[in-house]
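Working notes for the structure below.
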Amino acid sequence: AGDLPALLGTFASAAVFATGVALSGMTRQPTVLAFLVLDPSTWNSSLAFVMAAAIPAAAVGFRAARGLTQPLAHHPAVRRFFSFLLPPKGDDAGRSGGAAGSFSLPTKTVVDAPLVLGAACFGVGWGLGGLCPGPGVALAAAGHAGAAHGFVPGLVGGFLLHRMYSRM
């Protein structure tokens, strides 16, 4: 309960993302595949508009986060705002000690082989499955059988490959 502001922020972010993905039609494989297949008679440009809207929104978020040393959910003002939902002082059962939370922003500026290989794997998986990870997870969470049986094993496989590669 001590991290309730962070949990609420995560939930709100996920809800906004899932709503946007659903409203834009990006959970529909035919819509995504119609974007990826460059046939002028069937091409669907809606994904381009989704990406065009996402880039400035992400840029604003990254710019705002640049000067922060911790997530906003851990800022004292936010914690005070949610204090009525937090446990009383001294009742921190289950809460780990240490800093109030931190994060790091990407600092890598070099395009290297792992980045290119990862991007290629992502693109091939996206093209074969017709879903990128966000909509795939949203569909799997909603109980969509195709996403649960096809996409989730691929996602888990990707995590395992990353873990193996990282240990090399």
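The values are calculated or read from the model by the stated rules, or taken from the named source; none is laboratory data. Predicted model only: the values in this text are computed from it and were never measured. All Cβ positions, even for glycine, are placed from backbone atoms using ideal geometry, and neighbour counts span all protein chains on display. Side chains are part of the model used for accessible areas, which takes the heavy atoms of the whole protein and leaves out ligands, DNA and RNA. Shrake-Rupley method; radii C 1.70, N 1.55, O 1.52, S 1.80 Å.
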(request) Filter region 18-28 for residues that are surrounded by fewer than 17 Cβ atoms within 10 Å (Cβ to Cβ) and touching a residue at least 60 places away in the same chain (Cβ under 8 Å) and give the result. (result) Ala22
(message) Let me spell it out: the conditions are (1) open to solvent by less than 50 Å² (accessible area, probe 1.4 Å); (2) within 15 Å of the chain's Cα centre (by Cα), and Val137 meets all of them except one. Which number is the exception?
(response) (1)
(message) For region 38-82: of the residues being among the charged types (D, E, K, R) and surrounded by 10 or more Cβ atoms within 10 Å (Cβ to Cβ), which is farthest from Thr19 (Cα to Cα)?
(response) Arg80
(request) Return yes when Ala120 is closer than 21 Å to Thr10 by Cα, open to solvent by less than 90 Å² (accessible area, probe 1.4 Å) and aliphatic (A, V, I, L, M) and no when it is not. (result) no
(request) Could you please find all residues in region 115-161 being at pLDDT below 85 and either in contact with a Cys (Cβ under 9 Å, 6 or more places away or on another chain) or farther than 23 Å from Val21 by Cβ (or both)? (result) Phe122, Gly125, Trp126, Gly158, Leu161
(request) Look through region 79-114, keep the residues that are of a type in the set (S, T, N, Q) and modelled with pLDDT under 85, and return whichever of them is farthest from Asp3 (Cα to Cα). (result) Thr107
(request) Identify the residue in region 1-28 that is in a loop (DSSP other than H, G, I, E, B) and among the hydrophobic types (A, V, I, L, M, F, W, C) and, among all such residues, is farthest from Trp126 (Cα to Cα). (result) Ala1
(request) State the number of residues belonging to region 29-67 that are touching a residue at least 12 places away in the same chain (Cβ under 8 Å) and in a loop (DSSP other than H, G, I, E, B). (result) 2
